[in-house]
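Note sheet for the following structure.
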Amino acid sequence: MAFLTSPALRRPTALFLNSKRLNFDNKLDFSRLFALTELTCNQVDNITSTEEIIDIIKKNEPEILITKEMQLPVKVMESFPSSIKLLCEAGTGFNNIPTLIARSKHIDVCNIPTYSNESVAHMVITYILNFAAAIFNQARMLHQQDRTNFKVFQHPIYEIGGKNLGLIGGSGTIGTAVVDIALPLGMNILISSRSGRLPSGHKYENNPRVKVVTRDELFKESDFVSINCPLNAETRHSVGEREVRLMKPTSFLINTARGAIINEAELIKCMKENVIAGAGLDTQEAEPPAEDSEIWNLENVFLTPHIGWRRLETRQRLVDMTADNIEAYIKGEKINVVN
Amino acid sequence: MDVPPKALEAFPPSVKLICEAGTGYNNIPIELARKRGISVANIPTYSNESVAHMVITYIMNFGAAIFDQARMLQNNDRRNFKVFQPPIYEITGKTLGMVGGSGTIGTCVADVALPLGMNIAISSRSGKLPKGHKYENDPRVKVVPFDDLFRQSDYVSINCPLNSETRHSIGEREIRLMKPTAFLINTARGGIINEAELIKCMKEKVIAGAGLDTQEVEPPPEDSEIWKLDNVFLTPHIGWRRLETRQRLCDMTGDNIESYIKGERKNVVN
């Protein structure tokens, strides 16, 4: 379906610096972006060379730059042609962009604040269900042609109903999306919140199965601990050996937030000692973890490559919402500007 | 455990009650038992959520290509961490078709599938949900003809009992009606699926995947091709194996025995 722009709207030039990162399977529909702008897609996953970034921008002299999780060093931004007026991050985090320098150059930086709540929340649920039914263990055994489970089942497996799910920072939008499923699954929810209570008007404010507890209580009482807080100076490495040792030995830790919230070295140590039953990490401190990291070989740790934004429809939504940001900019409005 | 008629005929007169610690009792010759004055009791319902949650587990795993990822990691293949290889989809807006899904287990599945944002299609011989059904008026829950369920669904889950009508009722014909991107899930009885035809279809990649918590023979024979298909995941009838589910079986067997001792006939099937 072709999107027609109003004849009054101009069509600025745009450059997507690393479109392949988002469109790695070539299944996305960019037609709206092509209708709104004179778009050039640089079909790579990432550009690490400062010179290369400067070069390609100079060649294209775009008014609008689009990026996906690509580092833009200060040096690069300082050499921007004056044509650049808008920088769109096709995602939520923008630590990769020096936003103050952008402001000083009169460049708006836009992001997409929310686009994947369910995608991420459903990954938390996937991990919970898999740990309860020992799916990762089963898969490993079947891969080794070990069919013992079909004679006598080897691993502990549990019902979900009645279990405690602890959400660190779980009073936010993603945490709420998790609760939307965890409650029908029969779970009890424990949330840690710096204020000690759910925000006024919170969807689950009066639900008897949703409680705010202290951080330490959350670790002690949960059967599943899920990290759902943002990464900042306070939360960096805030979950480590101390927290993991508070947890029940039968419990599981799940991270779909930022990898650096967990002290990965301490987690590896704990998992080698089987302090808890398992960890499911959709994010890691470095993505992917170093080739030789022990984290790859731990049988009680399952790694997924930041599934949250990778689902087909989620990536299409990123494209569509980037188009929204650009359309607003062309119309002289300012939406999702972070600087 | 199979109780052959020959064994039952040899029972001493002391035996008055046979408790099957489960729901199915095809393993016990109940009419013969009645002739010998023996009551047979079962546990009609004890694991709705356990089974329903296994359906959801399969849906979430297929949506995020978890089985493919696990296999690749087992092979030390870490390509997914550079460029993600298998297709992965959101669950929201997808259609879950439940064959025989108007029953208690199907309803438990809907309890979770609806908050996940799915649309539900149910096949029912009557053409509509039973009166008073929990989801009777839910716009996202529709009764559709059997064939339409297979055509429209992104995930097909079997949630009907095994009987002479349903035995081998799902085979090549039904699978070829499905979308090539769709997944088939069986947590009901293995005999409902024609396994030989399923194997043929999965080898041809007619659909994207199958998750089977039950199989025609449990476990499948050592040399069955079903073990080797990358697009088929097998679990050993998890439904009743969870710790709390088995404890409930114990407790409810206790209830049946207590009822018998009191001269009542709780859950007697003959």
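Throughout, read-outs are computed from the coordinates displayed, never taken from laboratory work. This is a predicted model, so every value here is computed, not measured. Cβ coordinates were reconstructed from backbone atoms using ideal geometry, including for glycine residues, and neighbour counts include every protein chain displayed.
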**Request:** Within the stretch B:169-202, which residues have the backbone N less than 16 Å from the label spot 7 Å out from B:D147 along Cα→beta-carbon, could you tell me?
**Result:** B:170-179
**Message:** For a quick check, take a GNM of chain A with Cα springs below 10 Å and name the residue from A:D292, A:D324, A:D45 with the largest mean-square fluctuation.
**Reply:** A:D292
**Asked** Relative to the compact globular guide of 2.2 N^0.38 Å, what is the alpha carbon radius of gyration of chain A, as a ratio?
**Response** 1.12
**Prompt:** Using the C-alpha gyration tensor of the protein assembly as shown, what are the square roots of 5 times its eigenvalues, in whole angstrom, with the largest one first?
**Reply:** 50, 27, 23
**Fill in**
When the charge dipole of the stretch A:98-250 is computed with +1 at the Cβ of Lys and Arg and -1 at the Cβ of Asp and Glu, the Cα pointing farthest to the positive end, of A:N130, A:N228, A:L246, is that of A:L246
**Item:** Candidate aspartates and glutamates - alpha carbon under 16 Å from B:K35, same-chain residues fewer than 8 apart omitted
**Value:** B:E9
**Fill in**
Non-local residues with an amide H under 5 Å from the amide H of A:G166, with H modelled 1.01 Å from N and Pro and chain starts lacking one, are A:L190, A:D223, A:F224, A:V225, A:S226
**Request:** Lys and Arg at +1, Asp and Glu at -1: add these up for the other residues within a Cβ distance under 10 Å of B:G63 and post the number.
**Result:** 0
**Complete:** Taking only the Cα positions of chain B, the convex hull volume per residue in Å³ is 159 Å³
**Request:** Take chain B, connect every pair of alpha-carbon atoms lying under 10 Å apart with a spring to form a Gaussian network, then pick out the residue of B:A121, B:A64, B:A113 with the largest mean-square fluctuation.
**Result:** B:A64
**Item:** P(r) tail fraction, the stretch B:15-147 - alpha-carbon pairs more than 25 Å apart, %
**Value:** 50 percent
**Prompt:** Which Rg and Dmax, in Å, describe the Cα atoms of the stretch B:123-212?
**Reply:** 13.6, 43
**Item:** With Cα atoms, 0 to 90° folded angle of helix B:243-261 axis to chain B main axis
**Value:** 20 degrees
**Message:** Checking a compactness column here: for the stretch A:85-214, what do you get for Rg(Cα) / (2.2 N^0.38 Å), N being the number of residues?
**Reply:** 1.48
**Request:** Any chance you could give the angle, 0 to 90 degrees and rounded to 10, that helix A:50-60 forms with the longest Cα principal axis of chain A?
**Result:** 50 degrees
**Asked** Which angle from 0 to 90°, rounded to the nearest 10, does the C-alpha axis of helix A:173-182 make with the longest principal axis of chain A?
**Response** 40 degrees
**Item:** Relative contact order computed over the stretch B:183-241 (Cα-Cα under 8 Å; 6+ residues apart), in percent
**Value:** 39 percent
**Complete:** Relative to the compact-globule estimate 2.2 N^0.38 Å (N residues), the Cα gyration radius of the stretch B:218-266 stands at a ratio of 1.89
**Request:** Note the full-extension length gain between A:S195 and A:T214 as 0.36 nm times their separation in residues minus their Cα-Cα distance, in nm to one decimal.
**Result:** 5.8 nm
**Message:** Please compute the contact order of chain A in relative form: average sequence separation of alpha-carbon pairs under 8 Å and at least six residues apart, divided by the residue count, as a percent.
**Reply:** 16 percent
**Prompt:** Based on the Kirkwood radius over alpha-carbon pairs, what value in µm²/s does the Stokes-Einstein equation return for the translational diffusion coefficient of the stretch B:1-60 at 25 °C and 0.890 mPa s?
**Reply:** 184 µm²/s
**Message:** Just to be sure I understand: with springs between alpha-carbon atoms less than 10 Å apart, which residue in B:Q247, B:Q215, B:Q74 has the highest mean-square fluctuation in the Gaussian network model of chain B?
**Reply:** B:Q74
**Prompt:** Near B:K203, which lysines are there with a Cα under 19 Å away, not counting those fewer than 8 places off in the same chain?
**Reply:** B:K179, B:K228
**Asked** Counting other Cβ atoms within 10 Å of each Cβ, which chymotrypsin sites (Phe, Trp or Tyr not before Pro) in the stretch A:275-339 have at most 13 and sit in a DSSP loop?
**Response** none
**Message:** 7 Å from Cα along Cα→Cβ at both B:A21 and B:T181: what's the point-to-point distance in nm?
**Reply:** 4.6 nm
**Prompt:** So what's the gap between the Cα centers of the stretch A:94-171 and the stretch B:126-152, to the nearest angstrom?
**Reply:** 32 Å
**Prompt:** What are the trypsin sites (Lys or Arg not before Pro) within the stretch B:123-158 that DSSP puts in a loop, where the Cβ has at most 15 other Cβ atoms within 10 Å?
**Reply:** B:R125, B:K128, B:K131, B:K134, B:R140
**Message:** Please arrange B:V144, A:V74, A:V120 by how many other C-beta atoms lie within 10 Å of their C-beta, fewest to most.
**Reply:** A:V74, B:V144, A:V120
**Asked** Dipole size in debye (nearest 20) for chain B around its Cα centre, Lys and Arg Cβ +1, Asp and Glu Cβ -1?
**Response** 360 debye
**Fill in**
With no solvent term and unit scatterers on the alpha-carbon positions of the stretch B:42-109, Debye gives log₁₀ I(q)/I(0) at q = 0.16, 0.18, 0.22, 0.25 Å⁻¹ of -0.69, -0.78, -0.95, -1.08
**Request:** Over 28 Å between C-alpha atoms is what I'm after, so list which of A:K203/B:K94; A:K203/B:K82; A:K58/A:K105 land there.
**Result:** A:K203/B:K82
**Sites matching GluC sites (Glu not before Pro) across the stretch A:193-287 that sit in DSSP coil, with at most 11 neighbouring C-beta atoms within 10 Å** = A:E234, A:E273
**Asked** Rounded to the nearest 0.05, what FRET efficiency is calculated for A:A265 and A:D25 with R0 set to 45 Å and r the Cβ-Cβ distance?
**Response** 0.85
**Fill in**
Net charge near A:V244 (other residues with Cβ under 10 Å of its Cβ; Lys, Arg +1; Asp, Glu -1) is -1
